[in-house]
Amino acid sequence: MDRFDYREGRLYCEDLAAADLARRFGTPLYLYSAGTLRRHYRKLASAFSAVEPLICYSVKVCSNIHILRLLKDEGSGFDIVSGGELHRVLEAGGDPAQCCYAGVAKTDDEIRFALDAGILLWNVESEAELENLARLARETGRPARAALRVNPDVDPKTHRYITTGKRETKFGVDLERAERVFGDFAASSGSKHVALTGVQAHIGSQITTVEPYVQALEKIVALIDRLRAAGHEITTLDFGGGFGADYESGEALEARAFAAAIVPILEGRRLKIIMEPGRFIAGNAGILITQVQYVKAGGDRTFLLCDSGMHHLIRPALYGSYHHIWPLEPGEDFVPEQRTRDEVFPGTEAVDVVGPICESADFFAKDRHLPPTARGDYLAVFCAGAYGMSMASEYNSFPRPAEVLVDGSQARLIRRRGTYDDLVAPERDVGD
Ligand SMILES: *Cc1c(COP(=O)(O)O)cnc(C)c1O
């Protein structure tokens, strides 16, 4: 379970009432549970311990440096996809020698920055990138170690925008072409500067079954066998992230169920195993708190008009995703036994929960049964820890929300609320 639960009609995050924090820090507010983040990390580490993986938390999922620091203290490395994310890792005191770097369009500046920092592994997505990496490694005199990102052509049956391992996506190199890439690169001068000794795949996100992993990994270990037979030294297999979060119940999926299917494929192969979980760790570890500004009876429905929306949590608008929503202080009569999507709680009414943005896609939920709600009430949008704040924008010139991390009975501001000055600062002092 995550550490958000109702006691005496009020939502708690660990030992603190969420509404007290909303009053103290204001809204909109991202609230994270340190205990939940640690618990999810440890679940993965222990489930996969037989293959001693390096766990590289995917920074893009929830990028706050205080959260990166918390995970670093658990022993985590980091999966980065930009120079900016490397900067965050360094700022958080993370070890670049435990970082892997994916991304289809790395620029020269980003590559130089990460070569300088001395990252562990380059997850290379194309022949052209490999060539460019080798050139820059030679110029800077900094040798690099790389894995080729392959596209195992499996369909994880998740949303098409978060499917990355099918043939028609822009990510990685097809399996057939992969062998040729290894062969051509070994014969080129670039191999003096880059050791291409790994294979990486990241097949998608919000994957809730083991089959796509089993299919992908069987293809990948067969590829590694063929590469080794052709004389290539392969030391590393990075199987990416993608383990889902349960957006209905707030329960984490069973890391052990994934491990039971995956570990037997990887064991005893003399491979350093890297995994890049993101959503599994952060998804259920955060909520977004918003305050109802107005209740408006529309034509045939009631709108709860909130102070947060798609600019702070874009998942419903972008992916049509479900987030459980419930008041922070619904009172004792409205505390469900468990969160379920379909149960209609007695005494609730159907409403649309929407934000202030000038877009019709700006909603958190439509036709959702909530307890009677009034102006000033606080709502929790659950499971907002992953791809929430990290995808937030200042669209319509609303400053970004604050972020608070709760650890037991301690609450700590880990990002101050954006200000009007923050909105215009990069536009000032730019000369004429
Ligand atoms: C986004 C991403 C991840 C994390 O995905 P989750 O589904 O959040 O686990 C891991 N690796 C790469 C390369 C990614 O782009």
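Miscellaneous remarks
- By DSSP, the beta bridges lying fully in the chain are antiparallel in about 50 percent of cases.
- Its Cα centre serving as origin, the chain has a Cβ charge dipole (Lys and Arg +1, Asp and Glu -1) of approximately 780 debye.
- A simple spin-label model places pseudo-atoms 7 Å from Cα toward Cβ; at S393 and A222 they are separated by 4.2 nm.
- Our Cα-only numbers for the stretch 88-147 put the radius of gyration and Dmax at 10.9, 32 Å.
- Hydrodynamic radius of the stretch 34-282 per Kirkwood, over alpha carbon pairs, in Å: 18.0
- In Å, descending, principal axis extents of the Cα set of the stretch 107-216: 44, 27, 20
- Within the stretch 373-404, backbone nitrogen closer than 14 Å to the virtual label 7 Å beyond the Cα of E74 toward Cβ: 385-386
- Per-residue 3J(HN,Hα) values for the stretch 107-117, derived from phi via the Karplus relation 6.51 cos²θ - 1.76 cosθ + 1.60 with θ = phi - 60°, read 8, 4, 4, 5, 5, 4, 4, 6, 5, 4, 6 Hz in sequence order (x marks Gly and Pro).
- Two-site FRET efficiency, A374 against D109, from Cβ-Cβ distance with R₀ of 60 Å, rounded to 0.05: 0.70
- Report summary: the helix-based calculation at 222 nm, which adds -39500 (n - 2.57) for every DSSP H run with n ≥ 4 and divides by the residues of the chain, gives -8000 deg cm²/dmol.
- What the pair-distance distribution of the chain shows, using all Cα-Cα distances binned every 20 Å from zero, is 25, 52, 21, 1 percent.
- What you get for the stretch 116-260, charging only the Cβ of Lys and Arg (+1) and of Asp and Glu (-1), is a dipole of about 420 debye around the Cα centre.
- Residue exposure proxy: Y30, Y387, ordered by other Cβ atoms within 10 angstrom of their Cβ from fewest to most, comes out as Y387, Y30.
- For K43, the lysines whose Cα falls under 17 Å of its own Cα, not counting residues fewer than eight places away in the same chain, are K72.
- A97-E127 pseudo-label distance in nm [points 7 Å out on the Cα-to-Cβ vector]: 3.5
- Relative to the Cα centre, the charge distribution of the stretch 29-81, modelled as +1 at Lys and Arg Cβ and -1 at Asp and Glu Cβ, gives a dipole magnitude of about 160 debye.
- Both radii are taken from the alpha-carbon atoms of the stretch 209-316; with Rh as the Kirkwood radius, Rg/Rh is 1.23.
- Note on the stretch 291-429: the alpha carbon radius of gyration divided by the globular reference 2.2 N^0.38 Å gives 1.13.
- Listed by chain and number, the aspartates and glutamates whose alpha-carbon sits under 20 Å from that of K219, ignoring those within fewer than 8 places in the same chain, are E125, D153, D155, E168, D174, E176, E179, E211, E233, D238, E267, E276.
- Under 10 Å, Cβ to Cβ, from A105 - net charge with Lys/Arg +1 and Asp/Glu -1: -1
- Amide H within-cut-off set for H369, under 5 Å, with H built and near neighbours excluded: V351
- Nearest-0.05 FRET efficiency for E251 and R160, computed from C-beta distance (R0 25 Å): 0.45
- Taking all Cα pairs closer than 8 Å and separated by 6 or more residues, the relative contact order of the chain comes to 20 percent.
- Over the stretch 1-142, the pair-distance histogram of Cα-Cα distances with 10 Å bins from zero comes to 11, 32, 28, 18, 8, 3, 0 percent, rounded to whole numbers.
Each reported figure results from applying straightforward, stated rules to the coordinates on display, with no laboratory input. Because the structure is predicted, anything quoted here is derived from the model rather than measured. Virtual Cβ from ideal backbone geometry, glycine too; neighbours counted across all protein chains shown.
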